[in-house]
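Right, one structure below, let's go through it.
The values are calculated or read from the model by the stated rules, or taken from the named source; none is laboratory data. In this text, all values refer to a predicted model and were calculated from it rather than measured experimentally. Note that each Cβ is placed from the backbone with ideal geometry, even for glycine, and that neighbours are counted across all protein chains shown.
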Amino acid sequence: MMNSLKKYNFWFVVGSQDLYGEETLKQVDEHTKIMVDGWNKDPNIIGTIVWKPVVRNAKEIKDTIVAANNDENCAGVITWMHTFSPSKMWIPGFKVLNKPLLHVNTQFNRDIPWNEIDMDFMNLNQAAHGDREHGYIIARMRMNQKVISGHWEDENQRKRMGSWMRAAIGAAESNKTRVMRISDNMRDVAVTDGDKVEAAIKLGWTVDHYGVGDIIRMVNEVSDAEIDAQMKEYETHYHIATKNLDAVRYQAKEEVAIEKAMKEFGDYNAFHTNFQDLQELKQLPGLAAQDLERKGYGFAGEGDWKTAAMTRIMKAMTIDKNGGTGFMEDYTYNFDPENGMNMGAHMLEVCPTLAESTPNIEVHDLGIGDREAPARLTFKAKAEPAILVTLVDMGDRFRMICHDVVCQKQEHEMPKLPVAGVLWKPLPDLESSTEAWIYAGGAHHCTISYDLTAEEMRDFAEIMNIEFIHIGKDLDLPSFRRELQYNDLIWKLK
């Protein structure tokens, strides 16, 4: 089956000029066709690179960029200066560019051909100074760009290109993100709220409210046949470890209703619930929310529409992988000085893609929400490196905080806390990383991913023009706090 990320195109636009003659320009096209073919055969290149003829003047450049803008499948533009391409020609095109920009600094040959090098070779292979001219105009125009230098056949260079493509695809998916809000956010909670108008402007999100009554109506219309079909799906993916099948069937009923509502109300791909506003619903959606996450929908609890949207985007960025991405909440600390850790979980709704083995379906009292005991998936998570990503509204901007962690094998059972849990070691350590998270205003909700890296999320944030804060193994708290202070000044000027 074709990797669905391959549907995203990246136009390879190579610059030159008429100065060098048709034979040189013909060689440029020949070389770039070979490069595109080699890139597209490499699994590190997750999108599809589309070859374009060399551009030689301002009109050709602008026409090509306008066409890229109008291609719905184009997720980004990749530029390279095989020869010298005077950068004033690029200004009209760059003024209208609305796609993410990757500037590759490479050359067709890897090594200098010492015995054969002559002026014809130098006229053709001028990236060493052509890309500097190109880089100047991008910097002069204050454009966001990613620069990757290295030989085009080098594996690390291709990995970095693929990594940037993942961020660019995330940006494309961000502009398609539609959150169906079931009720509002949890009463009196600040960090899960935010400016939905600014989210539409800056991130391309549609965030719409629906009353719980809209979902209740859909629940009441679900047929026994639809519930039976959903139960068969559960049997395929999970162990049913309860005799209370009525509770499981009710979750199936809720799942069918919520998915149908998302499709019928407006093709939504993310949603949230709110345990404070269930009205006639008999259970808080638990298993229902978890299985919808497995299918690729974004989700967050307690009305947290920002985390629901980010979970959807990060899932879309990693659809070709199977490590796992899902909604997460900081639950409790292990302050052992020799083994500082944080345990993440949630009442019911942790995504099963994080599980180390097949999850169980169980039914237990919830103790919150004042409804029937809900069915939920319980499991222990994979022991692998991961990132935690949260998006917070700072009033004058959105801030993304990304934290590197190493998830641990959970050796202990929790017989009195039957939830899906993730245990991680924060980098560089529990105390300093937690202080940094709190200084930055990080939320108690986040999206956890085994499949993404901090660099990919930084690239995404830069493409979307939002602030990015990273907490990792090299954290120095005084420097980190100064970075936050500097950012306040910088973003006030933007």
Residues that are more than 27 Å from the chain's Cα centre (by Cα), buried (at least 18 other Cβ atoms within 10 Å of the Cβ) and among the polar types (S, T, N, Q), drawn from region 25-63: Gln27, Thr32
Taking first residues from region 182-200 that are assigned to a helix (DSSP H, G or I) and second residues anywhere that are of a type in the set (Val, Ile, Thr), the pairs with Cβ under 7 Å that are 6 or more apart or on different chains are Lys196/Val207; Ala199/Val207; Ala200/Thr206
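Please verify whether region 113-127 includes one or more residues that are assigned by TED's automatic domain parsing to the domain that holds Lys33 and under 29 Å from the mean Cα position of the chain (by Cα). Can you show your working first?
The first filter runs over region 113-127 and keeps only residues assigned by TED's automatic domain parsing to the domain that holds Lys33, leaving 113-127.
Now narrow it down to the ones that are under 29 Å from the mean Cα position of the chain (by Cα): none.
No: zero hits.
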Hand me the list of helices (runs of 4 or more DSSP H) wholly inside region 203-272 holding 1 or more residues that are touching a strand residue (DSSP E or B) at 6+ places or on another chain (Cβ under 9 Å) and polar (S, T, N, Q). 245-266
Val363 fails exactly one of (1) of a type in the set (A, V, I, L, M); (2) over 18 Å from Glu255 (Cα atoms); (3) in contact with a strand residue (DSSP E or B) (Cβ under 8 Å, 6 or more places away or on another chain), namely (2)
Considering only region 65-101, state which residues are more than 25 Å from Ser163 (Cβ to Cβ), modelled with pLDDT of 95 or more and β-branched (Val, Ile, Thr). Val66, Ile91, Val96
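Could you tell me which residue of region 301-357 is modelled with the lowest pLDDT, considering only residues that are of a type in the set (Phe, Trp, Tyr) and closer than 26 Å to Asp188 by Cβ?
This residue is Tyr331.
Looking only at region 403-442, which residues are of a type in the set (Phe, Trp, Tyr) and within 23 Å of the chain's Cα centre (by Cα)? Don't jump to the end; show me each part of the working.
Going through region 403-442, the residues of a type in the set (Phe, Trp, Tyr) turn out to be 424, 437, 439.
Once the filter is applied, which keeps residues that are of a type in the set (Phe, Trp, Tyr) and within 23 Å of the chain's Cα centre (by Cα), region 403-442 yields Trp424, Trp437.
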Which condition number does Ile448 fail, the rest of (1) closer than 27 Å to Gln290 by Cα; (2) touching a residue at least 12 places away in the same chain (Cβ under 8 Å); (3) surrounded by fewer than 23 Cβ atoms within 10 Å (Cβ to Cβ) being met? (3)
Looking at Met143, Met180, Met165, which one is under 20 Å from Val77 (Cβ atoms), crowded, with 17+ Cβ neighbours inside 10 Å and at pLDDT 95 or above? Met165
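Mind counting the residues in region 380-432 that are among the charged types (D, E, K, R) and either farther than 24 Å from Gly472 by Cβ or free of Cβ contacts under 8 Å to residues at least 60 places away in the same chain (or both)?
Residues in region 380-432 being among the charged types (D, E, K, R) and either farther than 24 Å from Gly472 by Cβ or free of Cβ contacts under 8 Å to residues at least 60 places away in the same chain (or both): 6 in total.
Answer yes or no: is there a residue in region 229-239 that is more than 27 Å from Asp291 (Cβ to Cβ) and either of a type in the set (Ser, Thr, Tyr) or in contact (Cβ under 8 Å) with a residue 60 or more places away in the chain (or both).
Pass one, region 229-239, residues more than 27 Å from Asp291 (Cβ to Cβ): none.
The answer is no, given that none of the residues of region 229-239 is more than 27 Å from Asp291 (Cβ to Cβ) and either of a type in the set (Ser, Thr, Tyr) or in contact (Cβ under 8 Å) with a residue 60 or more places away in the chain (or both).
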Tally time: how many residues in region 68-94 are loosely packed, with under 15 Cβ neighbours inside 10 Å and touching a residue at least 40 places away in the same chain (Cβ under 8 Å)? 4
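Conditions (1) closer than 30 Å to Ala200 by Cα; (2) surrounded by fewer than 19 Cβ atoms within 10 Å (Cβ to Cβ), marked per residue:
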| site | (1), (2) |
| --- | --- |
| Thr353 | yes, no |
| Glu362 | no, no |
| Asp393 | yes, no |
| Val406 | no, yes |
| Pro426 | no, no |
| Gly442 | yes, no |
| Ala454 | yes, yes |
| Met457 | yes, no |
